[in-house]
Amino acid sequence: MYSDKVMDHFANPRNVGELESANAVGQVGNPKCGDIMKIYMRINGDIIEDIRFKTFGCGAAIATSSMATELVKGKTLEDALRLTNTAVAEALDGLPPAKLHCSVLAEEGIKTAIADYYRRQGIDPAPIVGCSCDCETCHGHGA
């Protein structure tokens with residue numbers, strides 16, 4: 001059912017935990033399955049110097065979080081924003097169709113953390129990251 005890479009990233013997740021020196025944090029969740037991912041980044045200039053995650057969810061959610069962090073660590077923000085859920089799933093040698101939503105959450109978690117970084121810099125993230133249509137989260141309305 002799961003590839004060896006999925007099982008490896010589930011059993012031995014990379015970059016797991018909270019990052020105390022984070023200057024970007026994003027949290028996403030899927031209310032249907034209950035998965036929650038929290039991504040912490042330390043960004044210096046335009047480079048993701050360090051990244052960690054905390055995920056509450058199934059094995060596929062943990063594996064996709066782990067792989068997504070591996071794929072963007074050390075990359076520029078521009079490169080990280082090009083990460084797709086398909087790339088995450090392919091890097092894990094595939095996911096069962098019922099678990100593809102986990103790779104979507106991983107992509108969204110990375111982008112949400114980057115959007116948080118831009119907001120902290122006083123920059124509207126929507127033109128750069130895109131809009132999730134969750135205006136309160138994205139633009140801070142009502143905060």
With every protein chain kept in place and a 1.4 Å probe, the residues Tyr40, Tyr2 fall, from largest accessible area down, as Tyr2, Tyr40
For the chain, what is the number of Lys pairs with C-alpha distance below 20 angstrom, counting only pairs 8 or more positions apart or on separate chains?
16
So, over other residues within a Cβ distance under 12 Å of Ile47, counting Lys, Arg +1 and Asp, Glu -1, the net charge is -2
What 222 nm value per residue comes from the helices of the chain, counting each DSSP H run with n ≥ 4 as -39,500 (n - 2.57) and dividing by all residues, nearest 500 deg cm²/dmol?
-12500 deg cm²/dmol
Give the angle, between 0 and 90 degrees and rounded to the nearest 10, that separates the Cα long axis of helix 100-120 from the longest principal axis of the Cα atoms of the chain.
20 degrees
Where the centroid of each part is defined by its Cα atoms, how far is the range 37-58 from the range 1-19 in Å?
15 Å
Where GluC sites (Glu not before Pro) fall in DSSP loop in the range 1-76, at most 11 other Cβ within 10 Å
Glu18, Glu20
Give me the angle, in degrees from 0 to 90, between the Cα long axis of helix 59-72 and the longest principal axis of the Cα atoms of the chain, rounded to the nearest 10.
50 degrees
Per residue convex hull volume, Cα atoms of the range 1-109, in Å³:
82 Å³
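The values are calculated or read from the model by the stated rules, or taken from the named source; none is laboratory data. Every value quoted in this text rests on a predicted model; they were computed, and no experiment measured them. Note that we place each Cβ from the backbone using ideal geometry, even for glycine, and neighbour counts take in every protein chain shown. Note: areas computed on protein heavy atoms with side chains; ligands, DNA, RNA excluded. Shrake-Rupley method; radii C 1.70, N 1.55, O 1.52, S 1.80 Å.
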